[in-house]
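Reviewing the structure listed below.
The values are calculated or read from the model by the stated rules, or taken from the named source; none is laboratory data. Values in this document were obtained by computation on a predicted structure and should not be read as measured data. Positions of Cβ are generated from backbone atoms using ideal geometry, with glycine treated the same way; all protein chains shown enter the neighbour counts. For the accessible areas, the whole protein counts, side chains as well, though only heavy atoms, and no ligand, DNA or RNA atoms are used. Shrake-Rupley method; radii C 1.70, N 1.55, O 1.52, S 1.80 Å.
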Amino acid sequence: MGRCRDCRTRGNKSPVLLQHGVFVDGRSWLLLPPKQSLAFNLADNGYDVWLVNSRGTEYSEGHTSLNFDDPAYWNWSLDELVAYDLPATFQYVYDQTGQKLHFVGHSLGTLMIMAAMSRDQLVNMLESVALLSPVAYMGHTTSLLSRVIADNFIAETLDSLGFYKFDMRNVIIIEILKVICRIPSVDCTTLLFTPYTGQNCCMKPSIMDIFLDHEPQPAAMKIVIHMCQLIRGGNTTMFDYNDSGTNIKHYGQPTPPAYNMIGIPKDLPIFLSHGGADALSDVDDVKLLLDSLQGHDPDKIVVQFIERFAHADYLMSGNAKEHVYDPFIAFLSRLH
């Protein structure tokens with residue numbers, strides 16, 4: 001986890017915790033130039049900014065007893081991130097600052113905080129929540145790559161063959177992609193992202209070199225399997241071991257418990273932004289989330305819809321500052 005230590009304005013406002021999604025790390029908030037990135041804009045507005053690097057990513061490879069290549073090191077899914085990692089992160093920042101946190105999540109980061117809140121976790125340390133490309137439900141996803149992996153049980157097959165981590169960062173492949181992406185006639189923002197995220201509207205081709213210098217990051221095969229279960233099932237539940245006996249051992253019941261989004265506190269300030277072209281945070285799935293928030297205090301929630309935005313636009317679009325970050329910072333300023 002990183003903290004802004006060399007900002008033009010020292011953070012005298014509340015801490016803001018930025019939680020990335022799957023296959024990336026905390027640097028995903030820094031891919032845009034400083035004047036355009038959310039992290040730097042928050043810092044320049046006086047907020048105390050903290051960047052999370054979730055387990056398995058380059059800056060969070062350490063472990064007290066397990067080696068990075070040990071299969072047991074990769075034995076985790078969404079449930080462990082919700083039950084252990086996010087609470088530990090919150091507690092650390094709270095202990096360091098003595099203040100409640102503003103939380104900003106993108107993609108899987110939104111699911112982590114919503115799953116925690118649905119189980120009445122972390123609420124006492126939360127000042128507000130921003131959900132960018134929220135992923136509460138995945139049954140309607142139109143992501144071609146995600147659908148192929150889920151519908152053909154590819155992650156489960158790889159797991160049965162002994163592949164315990166999903167790692168797309170091969171040095172040779174990355175260097176080849178960099179060469180290809182420098183060809184003027186090749187639009188790598190479409191080639192690499194559209195099959196997974198949907199058609200992003202506003203990413204400059206030059207950002208691909210920066211992205212490939214740092215991303216993608218590995219993830220546990222188990223969390224990929226978990227995401228595939230959510231896509232196929234349409235509901236948001238804990239990891240399904242596909243064996244009633246094993247599920248009973250873990251949960252005390254034959255099927256995995258649900259993360260119930262109705263349990264999100266109705267008076268918590270929420271900023272929610274989603275895009276019409278987002279294949280991972282599909283409009284129909286976001287509608288299910290909004291339905292579960294029907295009873296939310298209308299004065300405490302802002303819902304933003306950007307027709308042209310897809311999943312990666314929220315981190316890498318040149319106009320994300322204008323369309324998302326500035327309105328979000330204005331939202332924060334109204335809370336103080």
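Please verify whether the range 267-283 includes one or more residues that are hydrophobic (A, V, I, L, M, F, W, C), in contact with a Cys (Cβ under 9 Å, 6 or more places away or on another chain) and either farther than 24 Å from Asn45 by Cβ or open to solvent by 40 Å² or more (accessible area, probe 1.4 Å) (or both).
Checked the range 267-283: at least one residue is hydrophobic (A, V, I, L, M, F, W, C), in contact with a Cys (Cβ under 9 Å, 6 or more places away or on another chain) and either farther than 24 Å from Asn45 by Cβ or open to solvent by 40 Å² or more (accessible area, probe 1.4 Å) (or both).
Going by the structure shown, is Phe309 in contact with a strand residue (DSSP E or B) (Cβ under 8 Å, 6 or more places away or on another chain), surrounded by 22 or more Cβ atoms within 10 Å (Cβ to Cβ) and either of a type in the set (A, V, I, L, M, F, W, C) or over 26 Å from Ser14 (Cα atoms) (or both)?
So Phe309 fits the description; yes.
Please state which of the following conditions Gly295 fails to meet, knowing it meets all the rest: (1) within 20 Å of Leu126 (Cβ to Cβ); (2) in a loop (DSSP other than H, G, I, E, B); (3) in contact (Cβ under 8 Å) with a residue 60 or more places away in the chain; (4) not hydrophobic (A, V, I, L, M, F, W, C).
The single condition Gly295 does not satisfy is (3).
From the list Lys287, Lys300, which one is surrounded by fewer than 20 Cβ atoms within 10 Å (Cβ to Cβ), under 20 Å from the mean Cα position of the chain (by Cα) and either under 24 Å from Met261 (Cα atoms) or not hydroxyl-bearing (Ser, Thr, Tyr) (or both)?
Lys287
What number goes with the only condition from (1) within 27 Å of Thr189 (Cα to Cα); (2) surrounded by fewer than 22 Cβ atoms within 10 Å (Cβ to Cβ) that Met227 does not pass?
That leaves (2) as the condition not met.
Can you tell me which residues in the range 17-63 are aliphatic (A, V, I, L, M), in contact (Cβ under 8 Å) with a residue 40 or more places away in the chain and either in a loop (DSSP other than H, G, I, E, B) or surrounded by fewer than 23 Cβ atoms within 10 Å (Cβ to Cβ) (or both)?
Val22, Val24, Leu31, Leu32, Leu51, Val52
Give just the number: which of (1) among the aromatic types (Phe, Trp, Tyr); (2) within 19 Å of Ser206 (Cβ to Cβ); (3) over 16 Å from the mean Cα position of the chain (by Cα) does Tyr47 not satisfy?
That leaves (2) as the condition not met.
Conditions (1) open to solvent by 70 Å² or more (accessible area, probe 1.4 Å); (2) at pLDDT below 90, marked per residue:
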{"residue": "Ile172", "(1), (2)": "yes, yes"}
{"residue": "Val179", "(1), (2)": "yes, no"}
{"residue": "Cys188", "(1), (2)": "no, no"}
{"residue": "Leu192", "(1), (2)": "no, no"}
{"residue": "Gln199", "(1), (2)": "yes, no"}
{"residue": "Phe211", "(1), (2)": "no, no"}
{"residue": "Thr237", "(1), (2)": "no, no"}
{"residue": "Asn242", "(1), (2)": "yes, no"}
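Only residues in the range 231-260 that are under 15 Å from Leu289 (Cβ atoms) count as the first member; pair them with residues that are open to solvent by 70 Å² or more (accessible area, probe 1.4 Å) and in a loop (DSSP other than H, G, I, E, B), Cβ under 8 angstrom, at least 6 apart or cross-chain, and list the lot.
Gly234/His140; Ala258/Asn235; Tyr259/Arg119
Condition check: touching a Lys or Arg at 6+ places or on another chain (Cβ under 6 Å), of a type in the set (Asp, Glu) and farther than 22 Å from Thr197 by Cβ. Does Glu127 satisfy that?
Spelling it out, Glu127 is indeed touching a Lys or Arg at 6+ places or on another chain (Cβ under 6 Å), of a type in the set (Asp, Glu) and farther than 22 Å from Thr197 by Cβ.
I need a count of the residues in the range 168-185 that are part of a loop (DSSP other than H, G, I, E, B) and of a type outside the set (Ser, Thr, Tyr).
Number of matching residues: 6.
Looking at the range 264-274, can you tell me whether even one residue there is more than 17 Å from Ile113 (Cα to Cα) and among the aliphatic types (A, V, I, L, M)?
The answer is no; no qualifying residue exists.
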